[in-house]
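Below: one structure, written as structure tokens.
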Amino acid sequence: MSVLIKNGRVVTAVDDYHADIFISGETIDLIGANLSIAADHTIDARGKLVIPGGIDPHTHLELPFGGTITSDTFETGTRAAAFGGTTCIIDFAVQTKGTSVLDALETWHAKALGQTAIDYSFHMIITDMPEDRTKEMRMLCDEGITSYKLFMAYPGAMLSDDGTIFRAMRKAGEDGTLICMHAENGLVIDELIKTALSEGHIEPKYHALTRPTRMEAEGTHRALAIAEVARAPVYIVHLSSYDSLQELRLAQARGVMAHGETCPQYLLLDVSKYDEPGFDGAKYVLTPPLREKWNQEELWRGLRGHALHAISTDHCPFCLKEQKEIGKDDFSKIPNGGPGIENRMSLIYHYGVSGGYIGLNRFVELTSTGPAKIFGMFPKKGTIAIGSDADIVIFDQEREEIISYYNGHTHHMNIDYNAYEGMPVKGFTETVISRGRVIIDKGEYLGRKGDGQFIKRGPYGGMYTPSKSGEIPERAPASRPSV
Ligand code: URP
Ligand code: ZN
Ligand code: ZN
């Protein structure tokens with residue numbers, strides 16, 4: 001199968017030029033002016049952007065969480081992602097306390113194999129890591145899992161104590177892998193929740209009122225300080241507030257290898273959403289919660305100024321009916337998470353690029369190239385270059401849509417509401433090519449489940465060499481990369 005994309009405006013994280021692209025099989029073969037090559041499929045991209053497929057480095061498909069399971073499967077979630085111009089996700093496998101992370105990986109492979117529309121990888125959520133099991137982290141690297149998530153929140157479930165965090169970070173630093181941190185002080189937050197409930201406050205808005213930005217900033221500070229002592233890189237997930245961003249900037253200024261992502265919900269939605277009538281505020285019970293509006297301007301500034309390095313969705317969908325309703329009489333029981341996997345590219349293009357906060361190259365960098373580099377997939381993924389995977393989006397800058405659960409063009413996610421309901425966007429995905437196959441064209445899904453492949457990821461910053469079977473690999477050198 002070959003594809004020729006003609007006359008498009010090719011935009012990567014650094015380039016912006018008009019050219020034709022010839023794809024042979026799964027990769028990009030040739031980029032040039034006025035290519036005249038016979039192809040099985042020719043696409044005229046005149047007047048359109050031709051950009052690397054989006055990479056969403058933070059999704060939760062089929063995740064058991066909060067007494068239920070996220071409503072998008074690997075099939076429905078990745079298909080919705082494709083409609084929105086995302087061609088690769090990194091989801092999260094979860095280690096059950098006291099068991100091997102390798103078992104967890106096997107479980108998650110079984111969920112995703114043969115199901116996805118687009119390529120995928122996993123981070124591993126570590127819930128405990130005694131010293132004698134840290135060697136499993138190196139084994140995970142050999143399987144292409146080179147990043148881990150730890151939680152400072154959710155005591156009794158996911159929370160890791162500081163010793164576990166330090167052990168995992170030190171090992172990650174040695175191996176050239178990366179710890180992703182959910183940074184919130186879960187123990188203090190639990191006390192605030194108990195107090196709110198004891199005073200009879202059960203409504204969704206108390207989710208936000210019991211998770212102050214200072215406790216996110218404290219977690220961020222602590223994670224960064226531990227990473228500094230462990231001499232390990234760290235990636236702060238779903239950073240939502242100015243207080244936290246300032247901690248990230250301070251650590252970066254000290255030379256800590258500190259990365260941060262934020263998400264469309266923190267850039268575009270605010271705490272007033274919890275005042276929607278009845279129980280509708282539960283749609284926005286996600287963690288960290290939505291913040292006061294003034295934080296948004298600061299987060300855009302953080303993205304523009306390179307303190308933040310990626311925009312993910314933290315897509316963690318629970319239907320309002322029956323799932324969010326678990327917490328009808330107690331906000332702390334509402335499953336935490338919200339949808340967004342499908343709408344990220346249009347939202348960030350419209351409100352970020354057209355809104356004047358970031359340029360086109362930075363848009364590509366934040367939604368694709370940055371995640372590919374940080375998480376060991378570049379240049380296979382995250383750019384348009386000869387030899388790279390042909391993961392390409394043809395993006396129509398003029399197409400206007402209103403994002404809505406009721407709009408068949410903007411909502412293919414398996415969830416009964418859209419968090420961005422009624423928001424206009426100008427700029428929309430027209431065609432999606434995933435490893436050389438056209439899987440979306442003009443609103444039609446042309447792919448099949450199982451098209452997507454597991455992507456074995458490489459190390460953070462080139463620090464890790466896979467071991468030969470049975471051999472204890474050499475430790476990485478003491479010097480650390482600056483990515
Ligand atoms: O509310 C959220 N973000 N749910 C997903 C789990 C997490 O902390 O990322
Ligand atoms: Zn989290
Ligand atoms: Zn998450």
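The values are calculated or read from the model by the stated rules, or taken from the named source; none is laboratory data. For clarity, every value in this text was computed on a predicted model and none was experimentally measured. A quick note on method: Cβ atoms are made from the backbone with ideal geometry, for glycine too, and the neighbour counts reach across all protein chains shown. Only protein heavy atoms, including side chains, enter the accessible area calculation; ligands, DNA and RNA are left aside. Shrake-Rupley method; radii C 1.70, N 1.55, O 1.52, S 1.80 Å.
Here is how the numbers come out for the structure above:
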| quantity | calculated |
| --- | --- |
| Protein accessible area in the chain, 1.4 Å probe - carbon and sulfur % | 52 |
| Peptides 215-224, 380-389 ordered by average Cβ neighbours within 10 Å, highest first | 215-224, 380-389 |
| Summed residue charge, Cβ within 13 Å of Phe74's Cβ, Lys/Arg positive, Asp/Glu negative | -3 |
| Out-of-range pairs (alpha-carbon distance over 25 Å; input Lys205/Lys321; Lys328/Lys426; Lys293/Lys321) | Lys328/Lys426; Lys293/Lys321 |
| Using a Förster distance of 41 Å, the FRET efficiency for Ser272-Gln397 (Cβ separation, nearest 0.05) | 0.85 |
| Surrounding net charge for Pro424, when Lys and Arg each add one and Asp and Glu each subtract one, Cβ distance under 11 Å | -1 |
| FRET E, pair Thr27, Gln252, Förster distance 51 Å, beta-carbon r, rounded to 0.05 | 0.90 |
| Backbone N within the range 49-69 under 18 Å of label point (7 Å from Thr99 Cα along the Cβ vector) | 61-69 |
| Computed [θ] at 222 nm, helices only, for the chain once each DSSP H run of length n ≥ 4 contributes -39500 (n - 2.57) | -7500 deg cm²/dmol |
| Extension gain (nm, one decimal) between Ile386 and Ser2, 0.36 nm per residue minus Cα-Cα | 136.8 nm |
| Taking the chain and dividing mean pair separation by its residue count, relative contact order in percent (alpha carbons under 8 Å, at least six apart) | 22 |
| Antiparallel DSSP beta bridges within the chain, as percent of all bridges there, nearest 5 | 50 |
| Relative contact order (%) - criterion: Cα under 8 Å, at least six apart; region: the range 70-145 | 38 |
| Label-point separation, Thr195 to Glu292 (7 Å along Cα→Cβ), nm | 1.8 |
| Coordinate range along principal axes, alpha carbons of the chain, Å, largest first | 70, 59, 41 |
| Taking all pairs of distinct alpha-carbon atoms in the range 1-122, Kirkwood radius in angstrom | 16.8 |
| The range 379-396-the range 28-77 distance, computed between alpha-carbon centres (Å) | 9 |
| Spin-label pair Arg46/Asp162, simplified geometry with 7 Å Cα→Cβ offset, distance in nm | 6.4 |
| Loop sites in the range 138-206: GluC sites (Glu not before Pro), DSSP, at most 10 other Cβ within 10 Å | Glu199 |
| Sites Ala110 and Asp132 - FRET efficiency at Förster radius 30 Å, r taken between beta-carbons, to 0.05 | 0.65 |
| Whole-number D in µm² s⁻¹ for the range 61-174, Kirkwood Cα-pair radius fed into Stokes-Einstein, 25 °C, 0.890 mPa s | 165 |
| Debye equation applied to the C-alpha atoms of the range 283-343, log10 I(q)/I(0) at 0.23, 0.30 Å⁻¹ | -0.97, -1.21 |
| Relative contact order (percent, whole number), the range 178-313, Cα cutoff 8 Å, 6+ residue spacing | 28 |
| Stretchable slack from Thr68 to Lys456, in nm (0.36 nm times residue separation minus alpha-carbon distance) | 136.8 nm |
| Rounded, prolate or oblate (a/c below 1.5 giving rounded, otherwise prolate when a/b exceeds b/c) for the range 1-61 by Cα gyration tensor | oblate |
